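See structure below.
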Amino acid sequence: MNAVPPCPVPRHRALDVQPGRARDALAEALRQLDEAEQQDQPAIHALALAQVGRCYRRMGDGGTAEWYLQQGLRKARTLCAPEACIELLCDLAELVSILATELTRDEPRGAHAVRERARDHGYEAAQMAGLVGDWEWEAAVLQRISRVLERCGDREDAEALRQRAATLQAQDLRSLQAANDASTWARAAQ
């Protein structure tokens, strides 16, 4: 059985040092996480973990943010919640690609491994997005991941995802135009 590594920061420590809206948002997210854990609500627990991770990201604590986002992803996977998994994979890809950029200056070899993690999250999100069946949302996911891949230096793959997103958006526009044409035709026939 895979043990979950301990959180890199004790849960409420950040509340002691961070003032302002970021602290308030984290306090609320941690409150919701505590509540979800007490009520044993797995779906809400996954969302709360993700929100705590996003708060830590906004506060600039990438390691802790990644830990919470990973725990949210793990929980979403157990719930078979593809939309939540895709969102969390996108969040992780974005966060990890930023961490890789920051590491590049100090640890080029370490940055390469971190970029690979960002790519893996991104490619998984892009692959899963097609399974949901919402063209508009899939195109938005592909755009997000293309920015991650661009940041990681994968310009060709980033461009391929942008092209795929553009194709989906064009398909969506054609469907909308066809629906408008049918509606106009039906009104004219009355």
Here D for the stretch 51-181, in µm²/s, from Stokes-Einstein with a Kirkwood Rh over Cα pairs at 20 °C and 1.002 mPa s, works out to 139
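For the pair Glu116 and Ala43, what calculated FRET efficiency results from E = 1/(1 + (r/R0)^6), where r is the Cβ-Cβ distance and R0 = 30 Å, to the nearest 0.05?
My answer for the efficiency is 0.50.
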Result for the stretch 38-97: accessible area per residue, probe 1.4 angstrom, in square angstrom, of 41
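Eigenvalues of the Cα gyration tensor times 5, then square-rooted: what semi-axes does that give for the stretch 102-174, in whole angstrom, largest first?
Working: eigenvalues 154, 27, 11 Å².
For the stretch 102-174, the semi-axes come out at 28, 12, 7 Å.
The values are calculated or read from the model by the stated rules, or taken from the named source; none is laboratory data. Just so it is clear, the structure is predicted and the values come from calculations on it, not from any experiment. Reconstructed Cβ throughout: ideal geometry from the backbone, glycine too, with neighbour counts over all protein chains shown. Accessible surface areas use protein heavy atoms only, side chains included; no ligands, DNA or RNA. Shrake-Rupley method; radii C 1.70, N 1.55, O 1.52, S 1.80 Å.
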